[in-house]
Amino acid sequence: MYKNKITQALLLATGISFAATSFTTLAANVPDGVKLAAKQELVRGNGTEVASLDPQKTQGVPESHVIRDLLEGLVNQDAEGNIIPGVAKSWETADNKTFTFHLRKNAKWSNGDSVTAHDFVYSFQRAVDPATASPYAWYLDMTTMTNASDIIAGKKDKSALGVKAVDDYTFEVHLESAVPYFVMMMGHTTVKPVHRATVEKFGDEWTKPENFVGNGAFLVSNWVVNERIEMTPNEYYWDNAKTVLTKVTYLPIENQVSEMNRFFSGELDFTYEISNEHFKNLQKEHPESLAIKGSLCTYYYNFNTHKPPFDDLRVRKAVSYAINRNVVANILLGQGQKPAYFLTPEIISDFSPELPAYGKMTQKERDTKAQALLAAAGYNQSNPLKFSLLYNTSENHKKLAVAIGSMWKKTLGAEVTLENQEWKTYLQSKKQGDFEAARAGWCGDYNEPSTFTSLMEGSNTTGGIHYKSAEYDDLIKRGIETTSASERKELYYAQEALLAKDMPLAPIYQYVQTRLVNPHVGGYAGNNAEDKLYSKDMYIIAE
Amino acid sequence: MFKFILKRVIEAIPTMLILITVSFFLMRFAPGSPFSSERTLPPQIMENINAKYGLDKPVMEQYTTYLTNVVQGDLGPSFKYKDFTVNELVTAALPVSAKIGSFAFIFALFFGVAIGTIAALRQNTWIDYCVMSTAMLGIVMPSFVLAPVLIYIFSINLGFFPAGGWLDGSLQYMVLPVLGMAMMYVATFARITRGSMIETLNSPFIRTARAKGLSFSYIVLKHALKPAMLPVVSYMGPAFVGIITGSVVIETIFGLPGIGKLFVNAAFNRDYSLVMGITIIIGFLFILFNAIVDILLAYVDPKIRY
C-alpha cells in the first residue's frame with residue numbers, strides 16, 4: 001500500500017535531486033548514503049500497447065520507451081539530455097557529411113556475438129528497404145543519408161545506402177548534405193541495430209521472448225499483449241555491472257484513471273502520464289509523487305491556407321492573435337505549460353526561439369490588432385467570420401477548443417463550429433485537406449530545431465502541404481545545405497520569423513510531461529526534454 | 001437431433017459468409033487507414049507499406065484472398081501489432097475473457113436465479129422489494145461506475161486485491177473484475193426469474209398440484225422451477241457469448257489482456273485483419289451458443305421437439 005508520508009518523501013526527494021544533479025551517469029550510479037531496497041524491480045506505466053519491438057517497424061513513443069531498454073544504438077542520452085556514447089565509444093567528422101563511429105569492442109549481443117559495424121550497416125539498410133515497409137524510413141532520408149530517398153522509392157538497391165563497415169569496429173556514414181546534428185539524430189529508435197542472424201531466421205517472429213536477441217541493458221522475458229512486458233538484465237551488456245534493477249515491467253494502461261489507481265495501490269512505480277482533471281488534486285495531496293518536466297513538444301492549430309477563410313493572411317493573423325495563450329497555459333492547463341508564439345519549443349537545446357512582435361504585445365493590444373485585421377478582411381457584425389475547428393476526440397482538446405472558440409467569439413464575433421472526429425477519421429480529414437482549422441501537436445524526434453521547422457516544408461505531408469511557401473522551403477533548403485552552424489541558427493530564426501509573418505499555424509502552448517513517480521525510484525531523469533528514460537540508470541531506494 | 005444439428009450447420013454457412021462480407025467492406029469504407037499517424041507518411045513509404053500488406057491490390061482481390069485464407073483457418077497478420085498474427089492475438093486474448101466471463105456467468109446465474117426465485121415466492125413483501133430494488137440498482141449501475149468503486153474500496157483503501165492486471169489469471173486478480181462484470185447479469189437473471197416464476201406459480205397446473213395437497217417446496221422445485229427457467233435459458237445463450245467475449249469497460253479499467261479491449265482498439269486502429277478475425281470468432285460463438293440454447297430448450301420445454 002502506498003502511504004502519503006510527506007517528511008519521508010521530502011527526504012527521499014532530496015536524495016533523488018542530489019542524484020540527478022550530482023552525477024552525469026552512464027548507468028545507475030547510486031549516490032553514497034542511499035540505501036538500496038532488497039527488491040530491485042521497477043514497474044513502469046507505458047500508455048498504450050506497443051505496436052512492435054522491432055525498431056525498424058515502430059513509430060510511437062511507448063515503443064521507443066521499451067526498445068530503449070532492449071537495444072542500444074550508436075549513442076545514448078544522459079539524465080540532462082546530453083548525447084553520450086552508446087555502442088560507439090567515439091566519433092569524428094571533418095565536414096559534417098562523413099561521420100566515422102568507433103564502436104566499443106566489448107559491446108555484445110545477448111547471445112554472446114559481438115556488436116559490429118556490419119550490424120549497423122544491415123540495420124540502416126533494413127530501415128530504408130521497401131520490403132521492411134518501415135513507417136519511419138523517412139527519418140533516414142531526413143538525415144540526407146546518401147541514396148536513402150532513392151532506395152525508399154525503389155529506384156536503387158539498399159546496398160547503395162551511404163553506410164559502410166570500414167572494419168568490424170569502424171562504422172562510416174555518408175550524407176548528401178552537411179548535417180552537424182547528425183550524431184544527435186542517431187539516438188532515435190529507428191536507427192537501433194538488430195541482430196541479423198536472428199531476424200533472418202525468425203522473420204516477423206524475432207521479437208518474441210523465446211527468439212529475441214538484443215544488445216541493450218535488458219532482455220524481454222515475457223510479453224502478454226495488452227497486459228505486460230517483462231525484462232531481465234542482459235548479462236552480455238557491456239555495462240551490465242552497473243545495472244541495479246533485476247526486473248523491469250512495462251504495463252500498457254491507456255486509461256489515465258486506471259493507471260493512477262494502480263499507482264496508488266502500489267502496483268506501479270511511475271505512470272506514463274496523469275489526467276488533467278486530477279492534476280490539481282494530486283498537487284495538493286501527493287506533491288511528493290508529482291514529477292513535472294518540460295517536454296520537447298508544441299501544441300498548435302493548423303490553418304488550411306488553400307481554402308477560405310484562411311487563404312487570407314489577415315484572417316489567419318486575426319484568429320491567431322485573438323487566442324489568449326496565457327489563459328490557456330496558466331489557467332486552463334496550469335501544470336507548468338508555457339504559452340507558445342513559435343513552433344520550436346524553448347526547451348530545445350542550443351537555440352532560443354525569438355518572441356515575434358505579436359508575442360511581445362499585451363493580450364489587449366493583440367485583440368485590438370486582431371479586430372482591425374478582421375475588419376480589413378471584410379468581416380463585421382453583419383458578415384461574421386465563420387469557420388470550423390477540427391480536433392480529434394479527447395476531453396483535453398475539447399476543453400481547449402471550447403475555451404478558444406469562446407475567445408474568438410468574444411473578440412472577433414466569429415462563429416466557430418467545433419468538429420470532433422475519432423483519431424483515424426481526423427487524420428484522414430487532415431491528410432486530404434478537408435478542414436479549415438485543425439488541432440495539431442508535434443514532439444521532436446531529436447533535440448534540434450529542424451525537427452520542428454521541417455514540419456512546414458512544402459512537401460511535408462503533416463503540415464507543409466497546407467502551407468506551401470517557396471520562400472519558406474528555400475530557407476529550409478539553405479538550413480540543410482549550409483556548413484556554418486551560426487548561419488544555420490540564423491536560418492532557424494528566419495524560418496520562425498516567416499512562420500510568424502505568414503501564420504500558417506497558430507502556436508498555442510509548449511507541453512510539459514507530468515507523471516506520478518514513487519519517491520523510492522532513484523535515477524529518474526527529471527530533466528530530459530525528450531523523455532528518454534533508461535531503466536538501466538534507475539534503482540529502488542529502501543523505504 | 002442429428003438432423004437439427006446438420007440443419008444449423010448448413011444455416012450457419014451463409015450467415016457467416018454474410019457477416020464476413022459485410023464487415024470486410026464496412027471496414028474498408030471506414031475513413032482512415034491502419035497506417036495513418038500524426039506524422040502523415042510520405043506517399044512512397046505508404047506505398048511500400050500497402051504493398052507489404054496487400055492493400056495495393058483491388059478490393060475484390062483482397063476480399064477473395066482473405067476468404068481463401070479464412071477457410072484455411074488463417075486470419076492473417078495484424079496490421080497494428082506487427083509482431084503477431086491475428087490467430088496468435090485471438091488465441092491469447094479469448095481465454096482471458098472466457099475465464100473471467102465464465103466465472104462471472106456462473107456467479108450471476110446462481111445468485112440471479114436464487115434471489116429471483118426468493119423474490120417471487122415472497123412476492124410483494126419487504127424481502128421482494130429489497131431484493132428487487134437491489135437488482136434494479138445492479139442494472140442501472142454501469143460497470144464504469146461500479147468497477148472504480150470496487151477498486152477504491154478493495155484495492156486502494158483496504159489493499160485486499162490488486163487494482164488491475166492479470167498475471168496469468170491468478171485468483172486475486174480475478175475477484176474484482178468478476179464481481180464488476182457479474183453484477184449486471186445477477187440483476188437481469190433475478191428479474192427474469194422472478195417474473196417467469198410468478199407467472200408459472202399462477203398457472204393452472206400449479207393450482208392442480210396444490211389442490212392435490214403437495215408441499216409448497218416440492219411444487220416449486222419439482223414442478224415450477226423447470227418451466228420458469230424457459231426465459232432464463234433463452235437469455236443464457238446471448239448472455240454467455242456476450243460475457244465471455246469480454247467487456248471493453250471491465251478490461252480497460254482493470255487492464256486485462258482480453259478480447260473485448262482488443263476488439264475495440266482494433267476498430268480504432270483500423271486494424272482490418274484483427275477486427276475481421278474477432279468478428280468471425282464472435283459471430284461463430286453466437287451461432288454455436290444459440291444452437292446449444294435451442295437444444296437445452298428442447299430438454300426443458302416438452303412442447304419443443306426437434
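Structure above, values below:
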| item | result |
| --- | --- |
| Calculated diffusion of region A:437-534, Stokes-Einstein form, Kirkwood radius summed over Cα pairs, 25 °C and 0.890 mPa s, µm²/s | 158 µm²/s |
| 1.4 Å probe, heavy atoms, protein only - residues of region B:15-45 losing at least 30 Å² accessible area vs chain alone | B:PRO31, B:GLY32, B:SER36, B:SER37, B:GLU38, B:ARG39, B:THR40, B:LEU41, B:GLN44, B:ILE45 |
| Distance in nm between pseudo-label sites at A:GLU172 and B:MET60 (7 Å out along the Cβ direction from Cα) | 5.5 nm |
| Value of [θ]222 nm, deg cm²/dmol, for chain A, DSSP H segments ≥ 4, -39500 (n - 2.57) each, nearest 500 | -9000 deg cm²/dmol |
| Exposure ranking of A:GLU172, A:GLU41, A:GLU395 by accessible area [1.4 Å probe, largest first] | A:GLU395, A:GLU41, A:GLU172 |
| Degrees separating the helix A:363-376 axis from the principal Cα axis of chain A, which is the longest one | 60 degrees |
| In order through region B:197-202: 3J(HN,Hα) via Karplus (6.51 cos²θ - 1.76 cosθ + 1.60), integer Hz, x for Gly, Pro | 5, 4, 4, 5, 4, 8 |
| Pairwise centroid distance, computed over Cα atoms, of region A:215-271 with region B:256-306, Å | 34 Å |
| Partnerless Cys - the protein assembly as shown, beta-carbon criterion under 4.7 Å | B:CYS130 |
| Chain A: relative contact order as a whole-number percent, Cα under 8 Å and 6+ apart | 22 percent |
| ³J(HN,Hα), Karplus 6.51/-1.76/1.60, whole Hz, each residue of region A:408-424, x for Gly, Pro | 5, 5, 5, 7, 10, x, 6, 9, 10, 9, 8, 10, 9, 10, 4, 2, 5 |
| At least 50 Å² accessible surface lost relative to isolated chain, residues of region B:48-62 (1.4 Å probe) | B:ASN48, B:LYS52 |
| Residues with amide H under 5 Å from that of A:LEU418, placed H, sequence gap 5 or more | A:LEU389 |
| Inter-probe distance in nm under a simple model that places probes 7 Å from Cα toward Cβ, at A:GLU80 and B:PHE268 | 3.9 nm |
| Portion, in percent, of the accessible area of region B:161-248 that falls on carbon or sulfur, probe 1.4 Å | 63 percent |
| FRET efficiency for A:ASP434 and A:ASN111, using Cβ-Cβ distance with R0 set to 35 Å, rounded to 0.05 | 0.10 |
| B:VAL131 accessible area, 1.4 Å probe, all protein chains in place, Å² to nearest 10 | 30 Å² |
| Angle in degrees between helix A:276-285 and the longest Cα principal axis of chain A, rounded to the nearest 10 | 60 degrees |
| Protein-only accessible surface order, largest first, of A:ARG228, B:ARG8 at 1.4 Å | B:ARG8, A:ARG228 |
| Antiparallel DSSP beta bridges within chain A, as percent of all bridges there, nearest 5 | 75 percent |
| Largest-first ordering by accessible area, 1.4 Å probe, given options A:THR368, A:THR146 | A:THR368, A:THR146 |
| Residue-level accessible surface for A:TYR534, protein heavy atoms, 1.4 Å, Å² | 10 Å² |
| Förster-model FRET efficiency, 56 Å R0, A:ASN396 and B:LYS222, C-beta, rounded to 0.05 | 0.35 |
| Accessible area buried, both sides summed, chains A and B with 1.4 Å probe, Å² | 4400 Å² |
| Radius 11 Å from Cβ of A:GLY294, net charge of other residues (Lys, Arg +1; Asp, Glu -1) | -1 |
| 222 nm mean residue ellipticity, helices alone, for chain B (DSSP H n ≥ 4; -39,500 (n - 2.57); rounded to 500) | -23500 deg cm²/dmol |
| Region B:4-74 - convex hull of alpha carbons, volume per residue in Å³ | 108 Å³ |
| For A:LYS89, distant residues with modelled amide H under 5 Å away | A:HIS102, A:LEU103, A:ARG104 |
| Prolate/oblate/rounded label for region A:90-161 (Cα gyration tensor, a/c 1.5) | oblate |
| Point-to-point label distance, A:GLU487-B:SER215, nm (Cα→Cβ direction, 7 Å offset) | 10.5 nm |
| Region A:396-446: C-alpha gyration tensor shape, a/c 1.5 cut-off, then a/b vs b/c | prolate |
| Integer Hz, Karplus 6.51/-1.76/1.60 couplings in order for region A:108-116, x for Gly and Pro | 10, 7, 6, 9, x, 5, 6, 8, 10 |
| Total formal charge among the other residues, if their Cβ is under 14 angstrom from that of B:ILE243, Lys/Arg +1 and Asp/Glu -1 | 0 |
| Region A:297-512 - share of DSSP beta bridges that are antiparallel (%, nearest 5) | 60 percent |
| Separation of alpha-carbon centers, region A:459-510 and region A:82-161, rounded to whole Å | 27 Å |
| Cα gyration tensor shape of chain A, rounded if a/c is under 1.5, else prolate or oblate by comparing a/b with b/c | oblate |
| Carbon and sulfur %, accessible surface of region A:297-512 computed with the full protein complex present, 1.4 Å | 51 percent |
| Accessible surface of A:CYS443 - all protein chains present, 1.4 Å probe, nearest 10 Å² | 60 Å² |
| Partner chain coverage, peptide A:430-443 - average Cβ within 10 angstrom | 1 |
| Region A:323-399, relative contact order [Cα under 8 Å, separation at least 6], % | 14 percent |
| Histogram of C-alpha separations across region A:297-512, 10 Å bin width, % | 8, 35, 38, 16, 2, 0 |
| Residues of region A:297-512: accessible area per residue with a 1.4 Å probe, Å² | 40 Å² |
| Tail fraction, Cα-Cα pairs, chain B, threshold 36 Å, whole percent | 34 percent |
| Average Cα contact separation per residue, chain B, under 8 Å, 6 or more apart, as relative contact order % | 27 percent |
| Helix B:126-140 vs. chain B, principal-axis angle (Cα, 0 to 90°, nearest 10) | 10 degrees |
| Region A:295-358 and region A:513-536: distance between their alpha carbon centers, rounded to Å | 28 Å |
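The values are calculated or read from the model by the stated rules, or taken from the named source; none is laboratory data. Source: prediction; values computed, not measured. Using ideal geometry, Cβ is built from the backbone for each residue, glycine included, and neighbour counts are taken over all protein chains shown. The area values use the complete protein model at the heavy-atom level, side chains included, leaving out ligands, DNA and RNA. Shrake-Rupley method; radii C 1.70, N 1.55, O 1.52, S 1.80 Å.
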